[in-house]
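See below for the structure under consideration.
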Amino acid sequence: MKIICIGRNYVDHAKEMNSPVPKQPLVFMKPPSALLVNNKPFYYPDFTKNLHYEGEIVLKICRNGRHVQPEFAHEYYDQIAFGFDLTARDLQAKCKEKGHPWEIAKGFDNSAPISKFINFDSNKDSPIHFETKLNGGVVQSGNTDDLIFDFDNLIVHISKYFKLQQGDIIFTGTPAGVGPLQIGDKLEGYIEDQMMIECQIK
Ligand code: ZN
């Protein structure tokens, strides 16, 4: 399975990073070893001093496809989850500065804590509200209505380059409010009013 991720897919987050709003989806990947499931704790790695959370809606791919056409894109995902795209912001800044790939800053072990998946009716097209809580307080409040590239757009774009395979997952981007984590912090992710995931930073 692949873990495909989209960067800067909410205008307010691109602004807080002082990054331009992309004209095409910004695609990167994490390896399967990045997954952290079952609310397991995350151990703060020693290679960063500025680990950030990014709360995101994650899609699960339910059928194989290449070069998916827009009118069929909604048929390729039927479940969503809440995931954290954990990012070593200091390493990422160095990679960006040098024009290097940023995998070490975003694809390291356990950098993708993820909740269980819930069914999602992709025909309905109803916006999803989601929140990140840090130590009980809301730090990110997002709505998929504000996506620059919506789910169907992402399916079309990604499948031009990478064959989508059943079981692949897509991190669809984070809204504003990203920030640093400390050892002892508790992260939680909500979809609507439902607590989906908690992750203790150890
Ligand atoms: Zn992200």
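Where Rh denotes the Kirkwood radius from the mean inverse Cα pair distance, what is Rg over Rh for segment 3-200?
Numbers: Rg = 15.7 Å, Rh = 16.8 Å.
Rg/Rh for segment 3-200 comes to 0.94.
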Item to complete: Using only alpha carbon pairs under 8 Å that are at least six residues apart, calculate the relative contact order of segment 83-123 and give it in whole percent.
Response: 49 percent
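Express in nm, to one decimal, how much length is gained between E16 and Q166 on full extension, taking 0.36 nm for each residue of separation and deducting their alpha carbon distance. Don't jump to the answer; show the numbers that get you there.
On the way: separation 150, 0.36 × 150 = 54.00 nm, distance 3.41 nm.
Going from the current span to full extension adds 50.6 nm.
Full-extension gain between R63 and K23, please, as 0.36 nm times their residue separation minus the C-alpha to C-alpha distance.
Numbers: separation 40, 0.36 × 40 = 14.40 nm, distance 2.73 nm.
Using 0.36 nm per residue and subtracting the Cα-Cα distance, I get 11.7 nm.
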Worksheet item: For segment 113-128, what does the Karplus curve 6.51 cos²θ - 1.76 cosθ + 1.60, with θ = phi - 60°, yield as ³J(HN,Hα) per residue in whole Hz, taken in order and with x for Gly and Pro?
Response: x, 9, 7, 6, 8, 10, 5, 9, 8, 6, 6, 6, 6, 7, x, 10
Practice prompt. Any chance you could check the Cα centroid distance between segment 103-156 and segment 1-46 for me, in angstrom?
Written response: 10 Å
Worksheet item: Where a Cα-Cα gap under 22 Å defines reach, which lysines qualify for K15, not counting those fewer than 8 residues away within the same chain?
Response: K23, K94, K96, K98, K106, K133
Discussion item. Can you list residues from other chains, or at least 5 along the same chain, whose modelled amide H is less than 5 Å from the amide H of I197?
Written reply: G189
Worksheet item: Of the listed peptides 1-9, 99-107, what is their order by residue-averaged count of other C-beta atoms within 10 Å, with the highest listed first?
Response: 1-9, 99-107
Fill in: J(HN,Hα) series, segment 31-37, from Karplus relation 6.51 cos²θ - 1.76 cosθ + 1.60, nearest Hz, glycine and proline x
x, x, 5, 7, 5, 10, 10
Response to the item:
Protection proxy (average C-beta count within 10 Å per residue), highest first, orders 11-19, 127-135 as 127-135, 11-19
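Would you calculate, for the chain, the mean residue ellipticity at 222 nm contributed by helices, counting each DSSP H stretch of 4 or more residues as -39,500 (n - 2.57) and dividing by all residues, to the nearest 500? Walk me through the numbers on the way to the answer.
Details: 4 runs with 31 residues, N = 202.
Value at 222 nm, helices only, nearest 500: -4000 deg cm²/dmol.
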Worksheet item: ³J(HN,Hα) across segment 53-63 via Karplus (A = 6.51, B = -1.76, C = 1.60, θ = phi - 60°), whole Hz, x for Gly/Pro?
Response: 8, 9, x, 9, 7, 10, 9, 10, 7, 10, 8
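Every number in this text was worked out from the coordinates using simple rules, so none of it is lab data. Remember, predicted model here, so these are calculated numbers, not experimental data. With ideal geometry, Cβ positions are generated from the backbone for all residues, glycine too; neighbour counts draw on all protein chains shown.
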